[in-house]
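The values are calculated or read from the model by the stated rules, or taken from the named source; none is laboratory data. It should be emphasised that the depicted structure is a prediction, and the values quoted were computed from it without experimental measurement. Please note: Cβ atoms are built from the backbone with ideal geometry, for glycine as well, and neighbour counts cover all protein chains shown.
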Amino acid sequence: MPTYTDLDNHHVFLDLSSRSAFSDKTDTSTMDTFQTNRIALKCESVAISTAKNIMSFPTPAVGIATGESVSLGLDLGMATKTISLSGIVTEQYIRKQFNAGDLPKSETDPLDSTVTYTDSDGKHTTVFMTAQEICQLIHSYVDSSFMQSHQNLNKLIILIPSRVGPKWTYHDKDAAGNVLTIGAGTSVENAPLIPFNYAVRDKGASDLDAQMSLPITKFPKPIDTSKNITDGISGFVRSFDTTLVGGQPFVEFSMSFEIAFSSL
């Protein structure tokens with residue numbers, strides 16, 4: 001069974017657009033690359049809304065002839081997809097990657113001389129931030145635009161347990177090619193995790209669910225936290241609300257995320 005020690009009990013993450021600029025599957029640095037340029041959220045509820053945009057036209061005179069009125073639907077292939085999240089933000093390590101030399105090189109933790117929080121190249125940093133300052137960080141990021149890659153939160157990752165893979169068979173490998181043994185007897189707690197998206201299963205002898213369509217995204221394989229890239233949902237944070245309570249070590253939040261491809 002896969003292990004997900006890098007997740008630190010988090011299943012929801014916000015990605016910065018700068019992750020794509022620095023993504024490198026061969027990155028062998030000591031940084032925890034799964035969490036680099038990524039913020040973890042402890043969500044108590046995740047509400048996913050998919051609203052089909054079909055124009056409906058009442059048809060005149062049909063009810064006179066048949067005694068039953070009829071409306072015609074014009075399906076133009078449009079839908080609005082939003083995700084509402086609520087939960088808490090807790091203190092956590094924030095890992096950032098910049099260009100080499102942007103940071104002080106090999107800075108040491110003042111309370112533990114055996115630990116450095118920046119690397120020898122001056123591009124990686126790992127700092128332990130309070131819940132309150134992480135909320136301030138997210139608020140400042142939501143206030144930015146697509147031009148600021150180190151502030152632009154353009155992807156949401158929601159990890160869900162999954163037994164069935166893209167071939168309509170049980171998962172047999174994770175994203176790194178490691179063999180998995182999954183079946184009907186696999187409990188939800190032991191099922192591998194995949195990022196939620198709107199892809200359909202289309203990897204069998206035929207197109208399966210993707211018949212008569214050209215899928216934009218692929219159905220995900222179980223994640224592998226040793227890889228620097230994890231597929232998520234592209235879009236933008238519509239709103240981010242927090243409640244600061246004195247003496248409370250965590251911060252309650254609610255967030256609205258709208259699914260959309262990046263645009264100017």
Search result, residues across segment 111-146 that are in a helix (DSSP H, G or I) and in contact with a Phe, Trp or Tyr (Cβ under 8 Å, 6 or more places away or on another chain): 131, 135, 138, 139, 142
Considering residues of segment 214-239 that are among the hydrophobic types (A, V, I, L, M, F, W, C) and more than 16 Å from the chain's Cα centre (by Cα) only, the residue farthest from residue 199 (Cα to Cα): 214
Tabulated pairs, segment 6-23, first under 14 Å from residue 154 (Cα atoms) and assigned to a loop (DSSP other than H, G, I, E, B), second of a type in the set (S, T, N, Q) and at pLDDT 85 or above, C-beta under 8 angstrom, 6+ apart or interchain: 17/149; 17/152; 17/154
Scope segment 167-195; condition part of a strand (DSSP E or B) and either of a type in the set (A, V, I, L, M, F, W, C) or out of contact with any Leu (no Cβ under 9 Å at 6 or more places or on another chain) (or both); matching residues: 179, 193, 194
Residue 149 in a strand (DSSP E or B) and within 19 Å of the chain's Cα centre (by Cα): no
Considering residues of segment 202-257 that are out of contact with any strand residue (DSSP E or B) (no Cβ under 9 Å at 6 or more places or on another chain) and among the acidic types (Asp, Glu) only, the residue farthest from residue 40 (Cα to Cα): 207
Lone unmet requirement of (1) crowded, with 18+ Cβ neighbours inside 10 Å; (2) under 30 Å from residue 45 (Cα atoms); (3) modelled with pLDDT of 90 or more for residue 118: (2)
Residue tally, condition of a type outside the set (Gly, Ala, Ser), part of a loop (DSSP other than H, G, I, E, B) and farther than 19 Å from residue 90 by Cα, over segment 30-74: 4
Answer from 253, 236 - the residue that is within 30 Å of residue 145 (Cβ to Cβ) and touching a Gly at 6+ places or on another chain (Cβ under 7 Å): 253
Selected residue [modelled with pLDDT under 85 and under 29 Å from residue 163 (Cα atoms)] from 1, 31: 1
Single match in 85, 74 (criterion: over 17 Å from the mean Cα position of the chain (by Cα) and among the hydrophobic types (A, V, I, L, M, F, W, C)): 74
Pairs with Cβ under 7 Å, 6+ apart, first in segment 198-210 and more than 11 Å from residue 165 (Cβ to Cβ) and modelled with pLDDT of 85 or more, second of a type in the set (A, V, I, L, M) and loosely packed, with under 15 Cβ neighbours inside 10 Å: none
Failed criterion for residue 198 (all others in (1) crowded, with 18+ Cβ neighbours inside 10 Å; (2) touching a strand residue (DSSP E or B) at 6+ places or on another chain (Cβ under 9 Å); (3) assigned to a loop (DSSP other than H, G, I, E, B) hold): (1)
Tally, over segment 97-126, of residues that are in contact with a strand residue (DSSP E or B) (Cβ under 6 Å, 6 or more places away or on another chain) and aliphatic (A, V, I, L, M): 2
Residue that is nearest to residue 17 (Cα to Cα) [pool: residues in segment 97-115 that are surrounded by 11 or more Cβ atoms within 10 Å (Cβ to Cβ) and among the small types (Gly, Ala, Ser)]: 100
